[in-house]
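Below is one structure, written out as structure tokens, with a few remarks after it.
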Amino acid sequence: MYTRSLFINNQWVDSISGKTMAVYNPAEMSIIAKVPYADDQDARLAIKAAEIAFPKWSATLPKERSKILRKMYELILAKKEPLAKILVVEQGKAINEARAEIEYSASLLEWFAEEGKRIYGDIVPSVKLGQRLFTFKQPIGIVGAITPWNFPVAMIIRKLASALAAGCVMVLKPSEETPLSAIAIAEIALEAGLPAGVLNIVFGDAIKIGQALTSSDSVRMVTFTGSTRVGKLLMQECAKTVKKVSLELGGNAPFIVFEDADIDKAVEGLIASKLRNGGQSCICANRIYLHQQIQDEFMQKLKFEFEKITVGNGLDETVRLGPLINKQAVEKIEGLIRDSLAKGAEIVYQASIDEQKKQSNCFLAPQILINAGADTQIEKTEIFGPVASIFNFTDENEVIKRANATNYGLAGYVFTKDMQRIWRLLEQLEYGMVAINDVALSSEMTSFGGVKESGIGREGGKLGIHEYLEDKFIAIA
Ligand code: ADP
């Protein structure tokens, strides 16, 4: 059993209240750790530490900050195996996916270690004689970061690497489901020589910690990854002090397969997108629209692939699909399925997972559902589980309209070989990210983010660091 603490000012500390909370392994429902349960008092201490650290960190040469991020990159790769195991044990994902998450996280540190050296301003032509105009960039200041449990390492590192490279300091509240991954990152930061107060971590009472961050005058930005509901709430709270917000919120990704698509590629893509992290990803295929002409062939091949999925404890190298994060997640999806069935849907495949259910009630059988009618909750809601929810269509305009008929706008996927259609879809789909004949959207070199109620701002890539910078305009006469 792990016993770890909050991380404030490079010190491992208990909560001021003395309260603790348990961390569970969802594959067995066993307690794997007891950690402090912080509240607003602890968050204020963390903010204080960040306030003291900011002037010095922001004045450090970019090259020096880069060296520390680079060291973190090396350490994360060197510790890939133990880090991946922590991820599996507290989050549930399959070990190979955990390794991939660690590699992605490392790549973000490597990328931003370099990007931090390329923060340029502008020289602007004068508007009157004897005048010089220019702009330069400055770090925004103390950043409050709130992160989810689905990619507990990558979602922290994507914010942390860019914020630190920009010269910002951070108070992080990771998900209470997955504090151990956050603690492991703090250990790496310590070993890499990150100065005290630059990264502070508190977890416990999410609402109280959230309020301490949003109400603080010295926190200048809140960056959040999580549900649209909480994102809206934080945005409202941040309005009181006009804080900048960067929000990576929910998705409802359409996955459209046209009649001329390479069906094998589309099935392979769907499996990769739908089952990544057990379907608990905001960009995973949520509504699968198949052209009527290819529906039978597609379904047959999809079923064949679903039959191969191995479900179990993520630590087992042969397992493809682990448990969901908790029992509530399973119950939510079961409710969506019930609603679909009541509206005429049919389950065309469901795996048997009796053995897993004996271990934990966090397992949900991978399944394929064909929806008969419209107006199902499953078409409107982010499923967040291994359920392939299929609809069919016959007309391009109809499917574009249906794909856009949502308040979400994160990721969309299209499979077709028709180049003119590709352009029409690229332009018309109201999504921050669109993949054509592909499903890979996350990389350190590209910027990730959504439109509509899927969020504000971009993380990673060329744009990521700019979220944490302010432009200062200078006029000299
Ligand atoms: P999910 O459904 O993926 O758990 P949430 O939006 O509920 O998404 O959680 C994402 C993060 O937001 C977690 O760290 C969680 O603790 C935090 N969170 C949830 N509610 C609040 C709140 N009212 N204020 C601040 N943070 C919150």
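A short reminder: the numbers here are calculations on the coordinates, not readings from a lab. Quantities reported herein were computed from a predicted structural model and do not represent experimental measurements. Methodologically, a virtual Cβ is constructed for each residue, glycine included, from the backbone with ideal geometry; neighbour enumeration extends over all protein chains shown.
Return the sequence-ordered ³J(HN,Hα) values of region 297-307 in whole Hz as given by the Karplus equation 6.51 cos²θ - 1.76 cosθ + 1.60 applied to θ = phi - 60°, using x for Gly and Pro.
Karplus values, whole Hz, x for Gly and Pro: 4, 4, 4, 4, 5, 5, 4, 4, 6, 4, 5.
Any chance you could give the angle, 0 to 90 degrees and rounded to 10, that helix 327-342 forms with the longest Cα principal axis of the chain?
Orientation of helix 327-342: about 40 degrees from the principal axis.
Using label points projected 7 Å from each Cα along Cα→Cβ, tell me how many nm separate A272 and I476, to one decimal.
So the two model labels end up 5.1 nm from each other.
Any idea how far apart R424 and Q236 come out in nm if each label point goes 7 Å out from Cα toward Cβ?
4.1
Starting from the Cα-Cα distance between K401 and I436, subtract it from 0.36 nm times their residue separation and give me the gain in nm to one decimal.
Fully extending the segment from K401 to I436 adds 10.8 nm.
Could you rank the peptides 273-283, 323-333, 422-432, 200-210 by their average count of other C-beta atoms within 10 Å per residue, with the highest value first?
273-283, 200-210, 323-333, 422-432
Run the numbers for E191 and A206: contour at 0.36 nm per residue of separation, minus the present Cα-Cα distance, in nm.
2.6 nm
Calculate the length of the line joining the C-alpha centroid of region 446-477 to that of region 337-390, in whole Å.
The distance from the Cα centre of region 446-477 to that of region 337-390 comes to 38 Å.
Contour minus end-to-end for Q11 and T60, with contour as 0.36 nm per residue of separation and end-to-end as the Cα-Cα distance?
Working it through step by step, the gained length comes to 15.5 nm.
How many nm separate the modelled label positions at A342 and L129, each set 7 Å beyond the Cα in the direction of the Cβ?
Each label point is offset 7 Å from its Cα along the Cβ direction, giving 8.0 nm.
To test your reading of the geometry: what angle, between 0 and 90 degrees and rounded to tens, separates the Cα axis of helix 154-166 from the longest principal axis of the chain?
Once rounded, the angle reads 30 degrees.
Please enumerate, by chain and number, the aspartates and glutamates with C-alpha under 16 Å from the C-alpha of K303, excluding those fewer than 8 residues away in the same chain.
Within the straight-line cut-off, K303 pairs with D264, E268, E346.
Just list whichever of K56/K85; K48/K462; K79/K327; K274/K327; K208/K232; K79/K358 have alpha carbons separated by over 25 Å in the model shown.
K56/K85; K48/K462; K79/K327; K79/K358
Check which residues have an amide H placed less than 5 Å from K462's amide H, if you skip close sequence neighbours.
Answer set, sorted by chain and number: S447.
Can you work out the FRET efficiency for the pair F136 and D354, with r the C-beta to C-beta distance and R0 = 60 Å, to the nearest 0.05?
Efficiency, from the Cβ-Cβ distance: 0.45.
Stokes-Einstein diffusion coefficient for the chain at 4 °C in a medium of 1.567 mPa s, Rh from the Kirkwood formula over Cα pairs: what value in µm²/s?
Working: Rh = 23.3 Å.
In µm²/s, the coefficient rounds to 56.
Under a 5 Å amide H to amide H cut-off, with H placed in plane at 1.01 Å, what residues pair with L199 once short-range neighbours are removed?
Amide H neighbours of L199: M170.
Any idea what angle helix 263-275 forms with the longest principal axis of the chain, computed on alpha-carbon atoms, 0 to 90 degrees, nearest 10?
The angle comes out at about 50 degrees.
Using only helices, what value at 222 nm comes out for the chain when you add -39,500 (n - 2.57) per DSSP H run of length 4 or more and divide by the total residues, to the nearest 500 deg cm²/dmol?
Dividing the helical sum by the residues of the chain leaves -12500 deg cm²/dmol.
For a protection proxy built on the mean count of beta-carbon atoms within 10 angstrom, sort 18-30, 39-51 highest first, please.
Averaged packing, sorted descending, gives the order 39-51, 18-30.
Using θ = phi - 60° and the Karplus relation 6.51 cos²θ - 1.76 cosθ + 1.60, list the HN-Hα couplings for region 243-251 in order, rounded to whole Hz, with x at every Gly or Pro.
7, 6, 10, 10, 10, 10, 10, x, x
I263: net charge of surrounding residues, Cβ under 14 Å, Lys/Arg +1, Asp/Glu -1, itself excluded?
-4
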